[in-house]
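Novice: Please see the structure below; I have some questions.
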Amino acid sequence: MNLTKTLIIGIAGIGLIALFLFMMGEQGVVPGNDDTVLPDTVGVTEIDWDGSEVRDQTGATLFSADDIPSNMRVSENAEFGVAGPIQGALLSPDNETIAVTTGGVAHDGGWLYDIETQAFSPAVFQYGGGVWAIAWDPSASHIIFKVSTPAETTLLRVVSRDAQEEYVADRGFTISVPEEDEPPFTYTFSQWRDENSVCGAFNDMEWCVDIRSQEVVE
């Protein structure tokens, strides 16, 4: 009788231990196993880049220069090659999009890379010049690209992240102030005053532009 009772208690104890281990395993915790690998739910919080690839905060490759489309459709009748090394990458404030620029043999291009879908959208193009990603607005809805032209003029182009236009020429606008004269001249970026207005200087004149109306507001 005592033996039977002892066996029943022992079996019950083993069952409770097994149930405990099962529940701990469901929560991703395995006692005594410090090497357990849990799913990474953090996402991309920082990036690093060189001419060949863009990496996340763990050092894992997000994409390489070879993954970026080699041609960019600029307008209905114009398409140009922009394949080349990566020359800049900038993560959006919400950690969802990377603005990346490439330097081609003759032309530079800028792309917006969606981290979740791993898709590239054309953002900006410069024939025979340079392109650099400068600054996202606080809401991550727009980004400023600096563009240098063969005429030694430096421009600023505002691009919407959600632009759906087919051609890159229609996906943003180039900032222009009324006092603009014949090139060469230089626009410089200073800050996003808020998500709807960007400020900078044209030569020595300071300005702010409302990106909704595309007009100088002060």
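Novice: Hey, among the residues in segment 133-160 that are under 15 Å from Gly172 (Cα atoms) and not aliphatic (A, V, I, L, M), which one's surrounded by the most Cβ atoms within 10 Å (Cβ to Cβ)?
Specialist: Out of the qualifying residues, it is Phe145.
Novice: In segment 113-123, is there at least one residue being assigned to a strand (DSSP E or B), in the same structural domain as Ser70 (by TED's automatic domain parsing), closer than 22 Å to Pro85 by Cα and touching a helix residue (DSSP H, G or I) at 6+ places or on another chain (Cβ under 7 Å)?
Specialist: The initial filter retains those residues of segment 113-123 that are assigned to a strand (DSSP E or B), namely 113-114, 119-123.
Filter once more, so that each one left must be in the same structural domain as Ser70 (by TED's automatic domain parsing): 113-114, 119-123.
Narrowing further to those that are closer than 22 Å to Pro85 by Cα: 113-114, 119-123.
Filter once more, so that each one left must be touching a helix residue (DSSP H, G or I) at 6+ places or on another chain (Cβ under 7 Å): 122-123.
Yes - at least one qualifying residue is present in segment 113-123.
Novice: Please tell me if Ser213 is surrounded by 16 or more Cβ atoms within 10 Å (Cβ to Cβ) and not hydrophobic (A, V, I, L, M, F, W, C).
Specialist: No.
Novice: Consider segment 166-218. How many of its residues are more than 20 Å from Asp108 (Cβ to Cβ) and outside any strand (DSSP E or B)?
Specialist: Matching residues across segment 166-218 total 18.
Novice: Being over 23 Å from the mean Cα position of the chain (by Cα) and of a type in the set (A, V, I, L, M, F, W, C) is the filter here, so list the residues in segment 195-218 that pass it.
Specialist: Residues satisfying the conditions are Ala201, Phe202, Met205, Trp207, Cys208, Val209, Val216, Val217.
Novice: Looking only at residues that are of a type outside the set (D, E, K, R) and crowded, with 16+ Cβ neighbours inside 10 Å in segment 164-175, which one is nearest to Gly128 (Cα to Cα)?
Specialist: That would be Val168.
Novice: Would you be able to tell me the number of residues in segment 88-130 that are acidic (Asp, Glu) and touching a Leu at 6+ places or on another chain (Cβ under 9 Å)?
Specialist: Number of matching residues: 0.
Novice: In contact (Cβ under 8 Å) with a residue 40 or more places away in the chain and under 17 Å from Ser139 (Cα atoms): which single residue out of Asp194, Asp210 fits that description?
Specialist: Unique residue meeting the criteria: Asp194.
Novice: Sticking with this one: All but one of (1) over 19 Å from Glu53 (Cα atoms); (2) touching a residue at least 40 places away in the same chain (Cβ under 8 Å); (3) in contact with a strand residue (DSSP E or B) (Cβ under 6 Å, 6 or more places away or on another chain) hold for Thr174; state the number of the condition that does not hold.
Specialist: (2)
Novice: Moving on to the next point. Give the number of residues within segment 127-151 that are within 16 Å of Tyr187 (Cβ to Cβ) and out of contact with any Phe, Trp or Tyr (no Cβ under 9 Å at 6 or more places or on another chain).
Specialist: 3
Novice: Scan segment 201-210 and tell me whether some residue there is in the same structural domain as Thr101 (by TED's automatic domain parsing), within 23 Å of Thr101 (Cβ to Cβ), surrounded by fewer than 17 Cβ atoms within 10 Å (Cβ to Cβ) and at pLDDT below 90.
Specialist: No: segment 201-210 contains no residue that is in the same structural domain as Thr101 (by TED's automatic domain parsing), within 23 Å of Thr101 (Cβ to Cβ), surrounded by fewer than 17 Cβ atoms within 10 Å (Cβ to Cβ) and at pLDDT below 90.
Novice: A further question on this structure: Any idea which of Val54, Val74 is buried (at least 19 other Cβ atoms within 10 Å of the Cβ), assigned by TED's automatic domain parsing to the domain that holds Phe120 and within 22 Å of Tyr127 (Cα to Cα)? Explain how you work it out, then say what you get.
Specialist: Details: Val54 fails: within 22 Å of Tyr127 (Cα to Cα).
Going through Val54, Val74 in turn, just one is buried (at least 19 other Cβ atoms within 10 Å of the Cβ), assigned by TED's automatic domain parsing to the domain that holds Phe120 and within 22 Å of Tyr127 (Cα to Cα): Val74.
Novice: On to the next question. If you go through segment 104-134 one residue at a time, how many are in contact (Cβ under 8 Å) with a residue 60 or more places away in the chain and of a type in the set (Gly, Ala, Ser)?
Specialist: Result for segment 104-134: 0.
Novice: Sticking with this structure for a sec: Return the residue satisfying two criteria in turn: it lies in segment 89-133 and is in contact with a Ser or Thr (Cβ under 9 Å, 6 or more places away or on another chain) and at positive phi, and of such residues it is modelled with the highest pLDDT.
Specialist: Applying the filter and picking the extreme gives Asn95.
The values are calculated or read from the model by the stated rules, or taken from the named source; none is laboratory data. Since this is a predicted model, take the numbers as computed values, not measurements. Neighbour counts run over all protein chains shown; Cβ positions are idealised from the backbone, glycine included.
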